[in-house]
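Structure first, then comments.
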Amino acid sequence: LARYGAPAFPPDQPVETGRYFDALRRSKLLIAAIVVPLTLVVFALSSMLPKTYKATSKIVLESSTDPLQTRAPDSAERRLATIERLLTTRQTRRRAARRIPGETATSLEDKVTASVDPTADIISIDATDDTAKGAARIANAVAASFLARQHRGDVQRLRRAKATLEQALRELRGRRGI
């Protein structure tokens with residue numbers, strides 16, 4: 001019977017670093033002819049590009065404190081997705097542009113993005129501009145415009161709820177046992 005074992009490998013050859021240094025020394029002009037112009041081209045292109053700054057505003061979605069309001073478990077995720085889309089609508093951008101001199105809803109379209117973190121109920125509004133102050137101003141204006149609209153909607157809902165409750169109380173007054 002013949003036995004098969006691992007093949008025997010020849011012993012490692014010593015590394016001749018001198019050969020590598022000689023090859024690099026002989027090719028130094030070719031290496032320099034490639035590396036130096038490429039570096040200069042990359043530097044020139046990066047110098048010509050406009051500087052872009054990014055700023056982020058964050059909004060925390062607070063859960064409802066209304067004990068009478070019941071919500072399905074997936075409603076918070078749905079609400080976050082809705083808010084994410086509302087933040088970048090033309091109407092929100094138009095309201096934000098009123099707060100920023102020189103900006104329009106159209107100019108803000110490419111400068112504003114929104115994202116959500118459903119595990120933390122946090123909405124991020126990212127804005128870019130050619131200045132750091134401009135980027136911060138845009139992100140804050142979009143957040144403020146959105147929050148102002150949300151506040152108006154909340155006030156309207158509370159007024160309607162108050163009117164409904166007052167109407168129900170008027171109907172109940174005068175009934176026996178109440």
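The values are calculated or read from the model by the stated rules, or taken from the named source; none is laboratory data. Computed from a predicted structure; not experimentally measured. Cβ atoms come from the backbone with ideal geometry, glycine included; neighbour counts cover every protein chain shown. Only protein heavy atoms, including side chains, enter the accessible area calculation; ligands, DNA and RNA are left aside. Shrake-Rupley method; radii C 1.70, N 1.55, O 1.52, S 1.80 Å.
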Failed item in (1) of a type in the set (Lys, Arg); (2) farther than 17 Å from residue 117 by Cα; (3) out of contact with any helix residue (DSSP H, G or I) (no Cβ under 6 Å at 6 or more places or on another chain); (4) modelled with pLDDT of 75 or more, with residue 90 passing the rest: (3)
Helices (runs of 4 or more DSSP H) lying entirely in the range 87-178 (those with 3 or more residues that are in contact with a strand residue (DSSP E or B) (Cβ under 9 Å, 6 or more places away or on another chain) and in contact (Cβ under 8 Å) with a residue 24 or more places away in the chain): 90-98, 132-172
Residue match in the range 103-114 (condition: closer than 22 Å to residue 78 by Cβ and among the polar types (S, T, N, Q)): yes
Residues of the range 45-81 classified as loosely packed, with under 10 Cβ neighbours inside 10 Å, of a type in the set (A, V, I, L, M, F, W, C) and at pLDDT 75 or above, total: 4
Enumeration of residues in the range 141-167 that are over 17 Å from residue 91 (Cβ atoms) and open to solvent by 90 Å² or more (accessible area, probe 1.4 Å): 157, 158, 159, 160, 162, 164, 165
Unmet criterion (only one of (1) surrounded by 15 or more Cβ atoms within 10 Å (Cβ to Cβ); (2) at pLDDT 75 or above) for residue 101: (1)
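Does the range 23-43 contain at least one residue that is at pLDDT below 85 and open to solvent by 70 Å² or more (accessible area, probe 1.4 Å)?
There is no residue in the range 23-43 that is at pLDDT below 85 and open to solvent by 70 Å² or more (accessible area, probe 1.4 Å).
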